[in-house]
Structures are given as C-alpha cells and as structure tokens.
Amino acid sequence: MPEVLDALTLARAQFAFTISTHILFASLSLGLASWMAVLEGLWLWRRDARCRALFDVWKPVFATVFGMGVVSGIVMSYEFGTNWSVFSDRTGPILGPLMGYEVLSAFFLEAGFLGVVLFGRGRVGPRVYFLAVLMVAAGTLLSSFWILAANSWMHTPAGHAVNAAGQFVPVDWWAVVFNPSFPYRLVHMVLAAYLTTAFVVGAAGAWHLRRGGPDSPGRDGARLMVSMALWMVLATAPLQVLAGDLHGLNTLDHQPAKIAAVEGLFQTRHGAPLVLFALPDAAAGTLRHAVEIPRLAALILTHDPDGLVRGLDAFPAADRPPVALVFWSFRAMVGIGIAMVAVALWGLAARLRGRLYDSPALHRVLVAMGPSGFVALLAGWITTEVGRQPWAVQGLLRVADAASPVEAAAVAGSLGLFVAVYLPVFGAGVYYVLRRLAMAPGGGEAAP
C-alpha cells in the first residue's frame, strides 16, 4: 500500500511539474500571437515604423515560446498513457475527441501559417502576410477553446453517460463542450494570458527606457511597448476582476467544497467573513491568527451579508480538498490581480499628466511586475486543480482510482529525467528570449 501511495504522489508531482511548465509557455504564446497581429495591423494601417520594428523583435521570441509550448505539451500526452491509464480509458471517449479537435483545427492552423509568418515577409503580399499572422493568432485562441473545454468537463462533467465498461461516453456534444464552467474558465484564462503578455511587454519597454538615454536606439519602440502594454492592462485587469467573480460564483454552484477551501471555511455559517490572512489548521479545523472582514465573504458569494455559506464540515472528510495550499494560492492570485489593477490606474494617471515615459518609479514597478502574470497563472491553476481534489472527474472518478498500476521507482525515474532535461533545455530557451529582448527595438544592443 505505501508503494501505491508513493507512486500516486510521484505521478501527481510529475504531471504538476510538466503542466506548470507548459502553461507558462502556452499562455505567453497566446498573448504574443494576438499582440503581434495588432502590431502588423497597425503597420498596414499607419505605416508606423515602430510597429514593424517591434514585430521583428518579438517574432523570434514568439517562435521560441511557441516551440517550447508545443514540446512541453506533447510530453503530457505520454503521461496519460504511462501514469494515468485508468483515467485515459475511462475518459477517452470524451477527452480523446476533444484533444483531437484541438490538433486538427487549432494546431494545424497555427503550425500551417507559422512558416509564412517566420519566413514569408517579402515572399508574399502584405495582406497575405497579415492574414497569416491573424490565422496564427486565431489558432492559439482556438487551441485554448478546446483545451479549456476538455479541462472544464473534468470539473463540471455534463452531456455524458456511462457504458458497460465504466467509460464516460458522449450523448450530447454541445453539453460536453459547453459544460457549466467552460465559458467562465475560458474567459478567465484568455484574459490571464493577455495580462501576462502585457506585463512582459511592458517590463521589456520599461527596462529599455530605464537603461537608455533620450537618444538611445529603440527608445521610440520602448515607449510604444509601455504605452500599448498599459492600455491592455487597463482594459483587461478590471475585466479579469469581474470574470473572476463570476467564475467564483459558478464554482460555488458546482464545486462548493473548493470554495470552502478557498475561504478557509471549516464550519458552515451565516455571514461568513472574508479572511485576508490566516494560518489554516486542517487537523484542528480552524484558522489561526485570522485577519478578516466580517460578513464580506457571505455578501460576495450569496449577495446577502447574512447568507449561508457551506463549510468543509458539509462534505465527507474524504471529499475535502487540501485547505492550506488552496487557501494561499488563491490569495496569491488575487493579490497579484489587485496589484495589476493598481498599476493600470497608475499608468493612466501618468499618461494623463504626460509623465508616462518620464516616471522612473512607474518604470521600476513595471520591470518588477514583468513575471507577475506567470506567478498569478500558476497560483490560479493550483487553486483550480488542487481545489478539485480528490476528484479527477468531479464527483465521478477519484484521482486515486485513475492512476496506472506502476511502481514508484518507475515514476520517480521518469520524473527525475524530466527535471534533468527540462531545466537545461527550457532554461536555454528562456535565456535566448531574454537576450533577444535585450536588443533595442530599433536594432542593436540597448544603451548601457
């Protein structure tokens, strides 16, 4: 029995490691593809040389990030077969076609037009080239659609039946794809990708503004990066707050145990407070050193300050997610989101005062916030996936029953191999991306 538990823990750790790597590259490629489409469109419309220069700087960055996203994603498909064979067998009739649709539509669209984007400048007409850029951007969005549909079905399964072999089979594909949580999770994820990309672009532009003098090469391009990034943050950060609130209400309806863990609510109660800080003690069933705002959680979740919010005591002990990790990852995500809104408002105030490009404090904060989107992405996915525990398919298939009957040593060996390969390979890719971004948007190295 301990060996089975060890193998299960290692299999979960391996998948967590690989999907965490993948989501960072996939999200950035989604945001970059859309931003590059905007740059190319502005170039055709206004003939602004800064847009062409920025496009040429970010094009190899996008290609590298896209490639790392593809490679890191392929590995997970093998893990389904090696470590999660029961899960693959039970859910294959539903998840298999969804993943197949993603490959046949989205990935082929991205990969087919990516060659034109990378090598077609000057070989095809400008409108055809712009069409290729649009198709790559559309492909990344379509890929997100299918991936989120598959993942959301695991959270809120619908439109299926169970056959004699115990497999989940589709009876209504519309209900399978547009399951109850899918619209909320798709919007939330796409906005997260755009915010992540905006802060990466803004950090790159602010870095060049801080390092370069008034006549440094690429300063105009750096200004455009900062300006466009802050416009995007201003547009999407408040929308993300709204989308997150709607997603939370949807989760309350379909995964109330997750919300109880998020709120650190061990006991069902009326007028639940919003806990800002605490040390969850799952063994004692309480929050230690809690700092809270009375009744606010009840008001947010039920729109009634005296509303009833179910705690973890409303669910069997075997069906409760780990509290501490979900509690803290959610607060990390929300804290970063609040910081993003603050930066958006700061940028708007600086723009209105004519200080957007001459505010060293704002530029320092933008550089510091460069990785913030990635941290928020990981925190959000931890909240989502760990909060679903102990279920692989909510209410239908437990994680412990979905694993392959493999020995712990085999899983440990493949996990160690993945770590040993991922760190140098993807580390080199990240180093290359940073080196490219160190080049001034107008060409050449940034001024010291």
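Where a number appears in this text, it was derived from the coordinates with a stated rule and is not lab data. All values reported here derive from a predicted model rather than from experimental measurement. Here the Cβ positions follow ideal geometry from the backbone for every residue, glycine too, while neighbour counts run over all protein chains shown.
Based on the Cα atoms of the range 282-342, what semi-axes does the equivalent ellipsoid have, where each is the square root of 5 times one gyration tensor eigenvalue, given in whole Å with the largest first?
22, 18, 12
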inquiry  = Output the 0 to 90 degree angle, nearest 10, between the alpha-carbon long axis of helix 85-101 and the longest principal axis computed from the alpha carbons of the chain.
reply    = 40 degrees
query = Using only helices, what value at 222 nm comes out for the chain when you add -39,500 (n - 2.57) per DSSP H run of length 4 or more and divide by the total residues, to the nearest 500 deg cm²/dmol?
reply = -24000 deg cm²/dmol
ask   = Distance from the Cα centre of the range 82-142 to that of the range 234-259, in angstrom?
value = 28 Å
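Counting only C-alpha contacts under 8 Å and six or more residues apart, can you give the relative contact order of the chain as a whole percent?
Details: 690 pairs, mean separation 97.6, N = 448.
Relative contact order comes out at 22 percent.
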query = Which percent of the Cα-Cα distances in the chain go past 43 Å?
reply = 18 percent
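Given a Förster distance of 30 angstrom, what is the FRET efficiency for Asp172 paired with Ala400, based on the Cβ-Cβ distance and rounded to 0.05?
Numbers: r = 29 Å, r/R0 = 0.97.
With R0 = 30 Å, the Cβ-Cβ based efficiency is 0.55.
Does the range 368-440 classify as rounded, prolate or oblate by the C-alpha gyration tensor (a ≥ b ≥ c root eigenvalues; a/c under 1.5 gives rounded; else a/b over b/c gives prolate, otherwise oblate)?
Oblate, because a/c is 1.5 or more while a/b does not exceed b/c.
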request  = Grab the Cα-Cα distance for Arg121 and Ser85, subtract it from 0.36 nm times how many residues apart they are, and report the gain in nm with one decimal.
outcome  = 8.4 nm
Debye log10 I(q)/I(0) for the range 114-257, one point scatterer per Cα, at q = 0.15, 0.21 Å⁻¹ = -0.95, -1.21
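At most 15 other Cβ atoms within 10 Å plus a DSSP loop assignment makes a site exposed; report the longest stretch of the chain without any exposed trypsin sites (Lys or Arg not before Pro). Walk me through the intermediate numbers first.
Details: sites that count: Arg47, Arg123, Arg353, Arg355.
Free of exposed loop sites, the longest segment is 124-352.
How would you rank Glu102, Glu40, going from fewest to most other Cβ atoms within 10 Å of each one's own Cβ? Present the calculation step by step, with values, prior to reporting the outcome.
Values: Glu102 20, Glu40 23.
By the 10 Å Cβ count, ascending: Glu102, Glu40.
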task = Compute the whole-percent fraction of alpha carbon pairs in the range 4-49 spaced more than 12 Å apart.
result = 71 percent
inquiry  = Once each part is reduced to its C-alpha centroid, what is the distance from the range 273-340 to the range 359-432 in angstrom?
reply    = 23 Å
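Once you charge only the Cβ atoms, +1 for Lys and Arg and -1 for Asp and Glu, what is the size of the charge dipole of the chain about its Cα centre, to the nearest 20 debye? Please list the in-between numbers first.
Working: 30 positive and 26 negative charges, 353 e Å.
Computed charge dipole of the chain: roughly 1700 debye.
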Cα Rg over Rh - the range 46-117, Kirkwood = 1.18
